[in-house]
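First the structure, in the form of structure tokens, and then the observations on it.
Please treat every number below as a calculation from the coordinates, not as lab data. Please read these numbers as outputs of a predicted model, since none were measured by experiment. Note that each Cβ is placed from the backbone with ideal geometry, even for glycine, and that neighbours are counted across all protein chains shown.
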Amino acid sequence: MHTRIARIAAALLLSGTALGATAQELADLRNDAATPADVTTYGMGWAQNRHAPGKQITPANVKNLAPVWNLSLDNNANASSQPLLVGDMMYVATHTHTIAIDPLTGRQKWKTAVDIAPDVAAYLCCGIHTRGMAALNGVLYRTTIDAHVVALSMADGKQLWKSQAANYKDGYSMTHAPLLAGDTLITGISGGEYGARGFLIGWDPKTGQQKWKRYTTALPGEPGGDTWNPGRAETGGAPTWLTGTYDPDLDLVYWGCGNGSPWNPATRGGDALYIGSVLAIRPGTGEIVWHYQFSPGDPFDYDGTNELVLADLPVGGKPGKVLMQANRNGFFYVLDRTSGKLISAQPFAKKINWATGIDMASGRPIDTPMTAMLRKTESPTDFVEVWPSAFGGKNWMPMSYDPGRKLAFFNTINVGMKVKYVKQDKPGGPNWWLGLELGGFVGPDDGNRGALVAWDPVANKRVWEAPSKSPNWSGVLSTGGGVVFTGSQTGAFMAFDAKSGKKLWQFQTGSGISGMPIAWERNGKQYITVLSGSATVYAALSGDPDVTNVPAGGSVWTFALR
């Protein structure tokens with residue numbers, strides 16, 4: 001404690017900040033989506049629209065886009081992060097370092113190592129990486145893969161405080177960007193494959209002290225506690241491993257909960273709240289205001305953690321505040337974000353055989369006979385083929401939403417899997433706890449395992465798609481100029497026409513792209529920045545021949561019109 005106080009005091013003297021957020025600074029976060037000169041939030045705005053209003057780059061001139069600079073990240077891990085641009089500095093997080101970069105020249109200004117446990121890799125489930133940071137009042141906030149939260153001075157990268165969220169040896173890790181909502185810093189947790197119990201924590205951003213902790217599985221005596229078999233909620237999963245969104249007018253944070261542990265649904269029993277759900281919570285207290293469960297019981301690792309995008313859309317002929325998610329289960333959901341009421345749910349995945357649709361009265365999926373059998377039979381005798389696979393109809397890579405065109409753009413996956421469910425007791429140590437045997441993944445008949453899709457959330461239909469042999473594992477960026485950017489696992493950074501889906505331009509970055517592109521402006525010029533460097537779970541497990549020989553190596557690329 002004395003060490004922490006000393007660090008804080010020294011940092012205050014060095015940075016001249018009181019670590020307190022003013023109304024103006026919070027307003028800057030709120031207005032991030034409308035201020036093209038900076039990118040101060042994960043998702044380019046609390047609503048995570050990932051849309052840039054600038055119109056300088058257009059379908060007519062994007063062919064003239066060229067690299068301005070490239071900076072090596074000096075590692076071979078998965079570069080699945082989103083940069084921030086605050087003032088005159090760009091900030092990038094990797095699992096080993098936090099880096100400050102001159103955004104116009106690409107020159108590294110400072111680089112601070114992350115102090116992580118040397119044996120942490122032995123306890124991790126699904127990859128070594130980090131996805132981004134939060135920033136406010138001269139301070140960067142990030143998580144570490146050994147389940148800590150850290151505050152750093154933007155001025156020099158010096159650590160201000162560090163707090164432990166969980167013990168990594170119990171299967172917990174953190175790879176997501178924190179969320180600043182009002183005067184609370186919120187983080188989630190990974191570890192659903194290891195029998196961890198999911199939670200959210202609200203931190204005091206000034207000191208790193210916990211304000212509240214909200215578990216995401218319901219115990220006996222709690223609301224939803226009767227949806228579990230006895231003794232299962234304590235190790236039931238529901239990890240919260242992707243960053244939530246925030247509506248400051250409603251003062252609600254929306255955060256997704258992931259898979260149950262083990263995956264075998266009959267072992268857990270019932271709906272197993274709150275796995276596969278979105279929670280609407282009060283950021284100051286962690287109180288759950290409402291929930292909606294996308295995949296009750298979640299037999300197939302469909303999660304519910306995908307980005308929860310906020311928008312204002314017509315609902316029944318009237319303006320409505322909505323929340324949208326392209327869920328891994330293959331359905332695109334639109335919810336009333338004030339109440340959690342289901343507005344629409346339509347299939348976007350090419351092939352779905354686990355459900356025939358979503359019942360609009362109850363909000364529940366309509367099970368096929370296969371899914372109904374798996375819910376009640378703990379040890380079926382045969383393998384079953386499930387579409388979508390555990391990769392989902394869409395995975396974690398976030399969509400963009402263009403509020404002018406009222407279109408969502410996202411990368412889809414068209415892959416099935418063969419699985420056989422088995423009884424499995426919780427093992428000790430760093431071992432997966434799935435309750436199944438994986439018999440491999442199945443590709444589609446047409447050979448296209450993915451696509452970039454434009455989706456109309458009002459008409460509930462696909463507007464266009466640009467198919468690809470392998471699914472793209474990058475985030476998507478849309479712009480006011482009518483250009484949509486994303487990256488391929490084989491290294492191509494690409495631009496598409498927002499109106500037609502026609503590919504307009506591409507540039508080979510040298511490694512696969514799983515980062516999240518951003519757009520920003522300086523001196524009247526629009527820039528696009530993205531991280532390259534691929535080491536994805538999909539490439540490791542899918543058997544997709546087109547991504548098996550992609551070289552690793554992380555770097556930051558920035559482009560502009562020449």
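Which distance in nm do the two modelled labels at K418 and A459 give, with both placed 7 Å along the Cα-to-Cβ direction?
Rounded to a tenth, the inter-label distance reads 4.0 nm.
Around F199, what is the net charge, scoring Lys/Arg as +1 and Asp/Glu as -1 over all other residues with Cβ under 9 Å from its Cβ?
After counting each charged neighbour, the total is +3.
Taking the Cα centre of region 158-215 as the origin, how large is its charge dipole in debye, to the nearest 20, when only Lys and Arg (+1) and Asp and Glu (-1) carry charge on their Cβ atoms?
Values: 8 positive and 4 negative charges, 33 e Å.
Dipole of region 158-215, to the nearest 20 debye: 160 debye.
Taking amide H positions as placed in the peptide plane 1.01 Å from N, state which residues far from L73 in sequence (5 or more) or on other chains have amide H under 5 Å from it.
G554, S555, V556
What is the dipole size for the chain, taken about its Cα centre, with +1 at each Lys and Arg Cβ and -1 at each Asp and Glu Cβ, in debye to the nearest 20?
On the way: 49 positive and 45 negative charges, 157 e Å.
Here the size comes out at about 760 debye.
Within the chain, which cysteines find no other Cys whose Cβ is under 4.7 angstrom from their own?
For the chain, the answer is C257, because their Cβ atoms have no other cysteine Cβ under 4.7 Å.
Please enumerate, by chain and number, the aspartates and glutamates with C-alpha under 16 Å from the C-alpha of K423, excluding those fewer than 8 residues away in the same chain.
E193, E378, D382, E437
Apply the Karplus parameterisation 6.51 cos²θ - 1.76 cosθ + 1.60, with θ equal to phi minus 60°, to every residue of region 312-327 and state each ³J(HN,Hα) to the nearest whole Hz, in sequence, with x for glycine and proline.
10, 10, x, 10, x, x, 10, x, x, 8, 10, 10, 10, 8, 8, 6
Please grab the % of Cα pairs in region 332-392 that end up more than 15 Å from each other.
Numbers: 1078 of 1830 pairs.
I get 59 percent for the Cα pairs in region 332-392 exceeding 15 Å.
Based solely on its DSSP helices, what 222 nm [θ] is calculated for the chain when runs of n ≥ 4 H residues each add -39,500 (n - 2.57) and the sum is averaged over all residues, nearest 500 deg cm²/dmol? Let's see the in-between values first.
Working: 5 runs with 39 residues, N = 562.
That calculation yields -2000 deg cm²/dmol at 222 nm.
Taking 30 Å as R0, compute the FRET efficiency from the Cβ-Cβ separation of D249 and D425 and round it to 0.05.
Details: r = 48 Å, r/R0 = 1.58.
The value I calculate is 0.05.
Looking at this model, which pairs from K63/K158; K499/K525; K406/K469; K318/K525 are more than 30 angstrom apart at the alpha-carbon? Please list the in-between numbers first.
Working: K63/K158 41 Å; K499/K525 23 Å; K406/K469 28 Å; K318/K525 38 Å.
Those over the limit are K63/K158; K318/K525.
Along region 124-133, what does the Karplus equation 6.51 cos²θ - 1.76 cosθ + 1.60 (θ = phi - 60°) give for ³J(HN,Hα), rounded to whole Hz, x for Gly and Pro?
Once θ is set to phi - 60°, the couplings for region 124-133 become 9, 7, 10, x, 9, 5, 8, 9, x, 9 Hz.
Which whole-number value in Å³ per residue fits the convex hull of the alpha carbons of region 474-553? Intermediate values should be presented prior to the final figure.
Working: hull volume 7.7 nm³, N = 80.
Per-residue hull volume (Cα only) is 96 Å³.
If R₀ is 60 angstrom, what is the calculated FRET efficiency for the pair T207 and S500, using the beta carbon separation as r and rounding to 0.05?
Numbers: r = 52 Å, r/R0 = 0.86.
Working from the Cβ atoms, E equals 0.70.
In nm, to one decimal, how far is the D445 label point from the N523 one, both placed 7 Å along Cα→Cβ?
5.7 nm
Search the structure for amide H atoms under 5 Å from the amide H of R522, placed 1.01 Å from N in the peptide plane, and list their residues when 5 or more places away or on another chain.
Residues meeting the amide H criterion: Y527.
Distance in nm between label sites at T35 and R107, each 7 Å beyond Cα in the beta-carbon direction?
Result: 2.6 nm between the two label points.
Figure the gain on full extension for N549 and K341 (residue separation times 0.36 nm, minus the Cα-Cα span) and round it to one decimal in nm. Before the final figure, lay out the partial values.
Values: separation 208, 0.36 × 208 = 74.88 nm, distance 4.54 nm.
Computed gain between N549 and K341 is 70.3 nm.
Would you be so kind as to identify which of S344, V309, N61 lies farthest towards the positive end of the dipole of region 2-561, taking Lys and Arg as +1 and Asp and Glu as -1 on Cβ and the Cα centre as origin?
Of the options given, the answer is N61.
Putting +1 on Lys and Arg Cβ atoms and -1 on Asp and Glu Cβ atoms, find which of I281, G269, W203 reaches farthest to the positive end of the dipole of region 158-307.
The one lying farthest along the dipole's positive direction is W203.
What are the residues whose amide H is under 5 Å from the amide H of V139, where those residues sit 5 or more places off or on another chain and H is modelled from the backbone?
Distant-sequence amide H within range of V139: M154.
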